[in-house]
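Worksheet: the structure to be examined is printed underneath.
Each value in this text was obtained by applying a stated rule to the coordinates, not by laboratory testing. Remember, it's a predicted structure, so these values are computed and weren't measured experimentally. A quick note on method: Cβ atoms are made from the backbone with ideal geometry, for glycine too, and the neighbour counts reach across all protein chains shown.
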């Protein structure tokens, strides 16, 4: 065993203490905030359209703008988390998130709202990459896949809670309440993160900032683990270099590229489905509150699907589960227009589709943890999430253009469902890589 990795390896083999599960729980809540904040624009979309009279093509652009910011935030802040630390990056992301949601609620026109959504997206993207790395670093080897998948499932949980609480609020207030609520919740988690989420052991041992040993000793003592007396001696480490370029070297490039394109394709399907559902439902004559209820049921399915995925990953290779979920998600999205005869039938097909599509999204975070070493986990997650946001941006925009061009919902749904199907095929090629994912 490499002496330099002694502290981290021992930490990852010991039983997880309550304090570690607290960190995982906080990470779940932060991902729930991300889920709510991403979908807040979809919750607000019917009200924005009614107040400002914008077209579907314009709405498609507005629905995508925070995704541009998410691409930037995932790549830049994901790398920042590896080079400067998980904890300060999480706090920075929460500050950005809070400010962006406040300005979105105060926006006097579509242009200010668009700028606020881009800014919000930077915080969301940074948190997505950093929270995945943080939860992974605080887990032992036995519970890592379970915990990381649960954390990713927080995204769906946030959408479900948002839809549940916003349905009655939207009857009393206008669309701006969605952003004010998000800003308030994000603000609350700044002191929670500051006081209850320490820097990760793996980062402190690898980067060794001033006082690293004392910080490691305090963290280990607080968590209830044996306290190391000294830092292991540094040795020449070929895998200690940290940087985005390392992801595209011969050993990691195939995995990085497959994950990027698979995530991109699936996320396009996902964002079409969840961001256009409120508008599709209201176009049928239902109220904004009823449309939010449909999205809430989809998210409830997503919560249960994510939890189910996290449990099953203890027994079944995650790659196989991801493939099944992606194919089933594609079928559900493609068939949704066939179940629009009533609100109840839309909720039923939405629940089933939501379970599969959110389970697939959550399991990608498990693939990140299994694919990238700790020194590259923030950067690797950030790069995949960042480049994958290309699909997220196109997911709402392409349907807007297709609807404007006169295509029927049935045709649009089939076109957009193809993304998850392609992602499932790409995932199969991971078995051919040198680093086995199981």
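Each part reduced to its alpha carbon centroid, the stretch 385-428 and the stretch 85-140 end up 25 Å apart.
Note on residue 214 and residue 173: the model spin-label points, each 7 Å out from Cα along the C-beta direction, lie 4.5 nm apart. Remark: the Cα gyration tensor places the stretch 242-316 in the oblate category, a/c being 1.5 or greater and a/b not exceeding b/c.
Pair-distance distribution of the stretch 94-220: all C-alpha pairs, bin width 5 Å, starting at 0; shares per bin in whole percent are 2, 9, 14, 18, 18, 14, 10, 7, 5, 3, 1. Estimate the FRET efficiency between residue 411 and residue 324 by the formula 1/(1 + (r/R0)^6), using the beta-carbon distance for r and 25 Å for R0, to the nearest 0.05. The computed FRET efficiency comes out at 0.45.
Please say if the stretch 87-132 is rounded, prolate or oblate, where rounded means a/c under 1.5 for a ≥ b ≥ c the square roots of the C-alpha gyration tensor eigenvalues, and otherwise the choice is prolate for a/b larger than b/c and oblate otherwise?
Prolate.
Relative to the longest principal axis of the Cα atoms of the chain, the long axis of helix 409-428 lies at roughly 20 degrees.
Starting from 0.36 nm per residue, how many nanometres of slack lie between residue 348 and residue 9 once their C-alpha separation is accounted for? Let's see the in-between values first.
Numbers: separation 339, 0.36 × 339 = 122.04 nm, distance 4.56 nm.
Using 0.36 nm per residue and subtracting the Cα-Cα distance, I get 117.5 nm.
Taking 0.36 nm per residue of separation and subtracting the Cα-Cα distance, full extension of the segment from residue 253 to residue 165 would add 27.4 nm. When the alpha-carbon atoms of the stretch 286-340 are used, the pair Rg, Dmax equals 14.1, 43 angstrom.
Mind checking the full-extension length gain between residue 83 and residue 425? Use 0.36 nm per residue of separation minus the Cα-Cα distance, one decimal, nm. Each step should come with its number before you reach the end.
Values: separation 342, 0.36 × 342 = 123.12 nm, distance 3.39 nm.
Contour length minus the Cα-Cα distance gives 119.7 nm.
Counting beta carbons within 10 Å around each of 52, 276 and listing the fewest first gives the order 52, 276. Using the alpha-carbon atoms, what tilt in degrees (0 to 90, nearest 10) does helix 318-335 show relative to the longest principal axis of the chain? It is inclined by approximately 10 degrees.
Placing dummy labels 7 Å off each Cα toward the beta-carbon, the span from residue 229 to residue 140 is 2.4 nm. With the convex hull of the Cα atoms taken as the outline of the stretch 359-414, the averaged projected area works out to 4.6 nm². Looking at the square roots a ≥ b ≥ c of the eigenvalues of the Cα gyration tensor of the stretch 160-291, which shape do they give, rounded for a/c under 1.5, prolate if a/b is larger than b/c, or oblate? Here the stretch 160-291 falls in the oblate category.
Size descriptors for the chain: radius of gyration and Dmax over Cα atoms are 21.1, 70 Å.
Normalised by the residues of the chain, what does the relative contact order come to in percent, with Cα pairs under 8 Å and at least six apart?
Relative contact order comes out at 27 percent.
Roughly how tilted is helix 253-283, in degrees to the nearest 10 and between 0 and 90, from the longest Cα axis of the chain? With both axes taken from Cα atoms, the answer is about 30 degrees.
The label-point distance for residue 289 and residue 17, in a model that sets each label 7 Å from Cα toward Cβ, rounds to 4.9 nm.
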